[in-house]
Amino acid sequence: MGIVGAGGRALSLIQSFAANPEIEVVAISDVDANCLPKGIAVAEERQGKHPRAESDFRRLIDDPSIDALVVGTPDHWHAIPTILACLADKDVYVEKPDGHNIVEGMRMVAAMRKNKRIVQMGVQHRSTTRLQSAIAFAKTGKLGRCLVAKAWESSKQGPIGRPPDGSPPTGVDYEMWMGPAPKRPFNVNRFHGNWRWFYDYGAGDLGNDGVHRLDMALAVMDAACVAQGEPPLGLPTTIFASGGKWYFDDAQEFPDTMQVNYQYDGPSPKLLTYEMRIWAPYPHLSEREGAAVFGDQGYIVVGNKSWTAYGNGGEVLATDQGGSSEVPHVQNFIDCIKSRQKPHCDLETVGHPVSLLCHAGNISARVGRVLKLDSLTETFVDDGEANALRTRPEYRKPWLLPEVT
């Protein structure tokens, strides 16, 4: 394995991969030399072997001894390493959402298909026994006919302020950190941790935490559809987001208050909603972050540590508990590298579609209107302004988005 990134989520992935006896982490790359020593030390402690440190992820892709790449970078650095790795016949574990924008995700899927690679997106809840048992319960049909699902964030976060621009820390290749994004002065808010709140690099909290909750809702709703002999949801027909940056007076660009409606037309219409209240100091339906699916015989609420299904009289039909560790998700990826079967969060069938929901919700919020989605082309019908936001206006050289032919 080669791992791109040594801090934040990447450090957790280093811990999980290096502790697995079936693989060896042979190299770790990061543009921040200050993060590399910790990542190297953690890997060596867990696997007993010292991986080499690199400043450029391309050296990992060029290394023929590396079978798979782990991409634990900020969102704006998900697509290019994943695409290049797939084109170099390496399998990939990439953090969520799949890319910085819709077109990046489509290009990642194209590269995966072209070289028949295994790509697991890091929505780790999919591989937990907790979510798997919730899916199994929904397949029993005891919820009845399900028409509505919802996902939410109701977990208070703090403001990030408006610090002035400054100079990059010593040891940081800031030019490469910006990568394909526009060139901007260094600001601590646009760097480690807080980058996700800015259009250049992230997808706001909808793409950060919301992608997990939407995936929970989709997984359980699809299982309930199977129980009724209905097709899975697929992609929505219309998307409408309302809300804005109403609570925090700081430099964040994405909404802190938001509701998104995803409508699925067809023979069995469905509605999926997402609610964001990242200023709320209390839970919703007993969960600060969660998902629920509502049927005509009962409903189920899924949180990060448990789920409970209720009947039409409020009685508990079933419940289960479990954590949100990424270890089973890592193992599922490793197993699928060997078997060549689709992993639990296969990029093409699971990871990219749920990422598209996040990007489309953010786009609807930015343009302020209902969007109609063409599911075959993943474009918005008769809406040039919205379609322009499906990708970057420009990819900063030399970090152009690779073509896949």
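Just so it is clear, none of the values below were taken in a lab; they were calculated from the coordinates. What you see is a predicted model, and the numbers here were worked out from it, not measured in a lab. Neighbour counts are summed over all protein chains in view; Cβ atoms, including those assigned to glycine, are modelled from backbone coordinates with ideal geometry.
Projecting the Cα atoms of Met258, Leu233, Ala318 onto the charge dipole of the chain, computed from C-beta unit charges around the Cα centre, puts Ala318 farthest toward the positive end. Neighbours of Pro182 by Cβ distance under 9 Å: Lys/Arg scored +1, Asp/Glu scored -1, total +2.
With the convex hull drawn around the C-alpha atoms of segment 172-229, the volume per residue stands at 102 Å³.
Considering all different alpha carbon pairs of segment 1-140, the Kirkwood hydrodynamic radius works out to 15.4 Å.
Computed about the Cα centre, the dipole magnitude for segment 251-357 is approximately 220 debye when only Lys and Arg (+1) and Asp and Glu (-1) carry charge, each at its Cβ. Evaluated with a Cβ-only charge set (Lys, Arg +1; Asp, Glu -1), segment 1-110 carries a dipole of roughly 140 debye about its Cα centre, given to the nearest 20. Applying 0.36 nm per residue to the separation of Thr349 and Ser65 and subtracting their alpha-carbon distance, the gain on full extension is 99.4 nm.
Against the empirical 2.2 N^0.38 Å (N residues), segment 288-405 has a Cα radius of gyration ratio of 1.47.
Structural descriptor for segment 96-219: relative contact order 32 percent, calculated from alpha carbon pairs under 8 angstrom and at least 6 residues apart.
Counted by Cβ distance under 12 Å from Ala388, the other residues give a net charge of 0, where Lys and Arg count +1 and Asp and Glu count -1. Among the GluC sites (Glu not before Pro) in segment 337-401, those located in a DSSP loop and surrounded by at most 14 other Cβ atoms within 10 Å of their own Cβ are Glu394.
Note on Lys114 and Ala53: the model spin-label points, each 7 Å out from Cα along the C-beta direction, lie 3.4 nm apart.
Bridging of Lys114 to lysines at a Cα separation below 23 Å is possible for Lys90, Lys96, Lys338, Lys342, once same-chain residues fewer than 8 apart are set aside.
By the combined test of axial Cα extent (at least 15 Å) and Kyte-Doolittle hydropathy (mean at least 0.0), the qualifying DSSP H helices of the chain come to 102-114, 211-227, 327-339, 352-367.
Shape class for segment 318-357: oblate, because the ratio a/c of the largest to smallest gyration tensor axis (alpha-carbon atoms, square roots of eigenvalues) is 1.5 or more and b/c is at least a/b. Between Gln331 and Thr377, the distance separating the two model label sites (each 7 Å from Cα on the Cα→Cβ line) works out to 4.5 nm. Across all directions, the average flat footprint of the convex hull enclosing the Cα atoms of the chain is 19.3 nm². In a DSSP loop and with at most 14 other Cβ atoms within 10 Å, the trypsin sites (Lys or Arg not before Pro) in segment 180-249 are Lys183.
Here the Kirkwood formula puts the hydrodynamic radius of segment 202-246 at 12.5 Å, using every distinct Cα pair. Going from the residue with the fewest nearby Cβ atoms within 10 Å to the one with the most, Met216, Met121, Met178 rank Met178, Met216, Met121. Compared with the direct C-alpha span, the chain from Leu147 to Tyr282 gains 45.9 nm at full extension, assuming 0.36 nm per residue.
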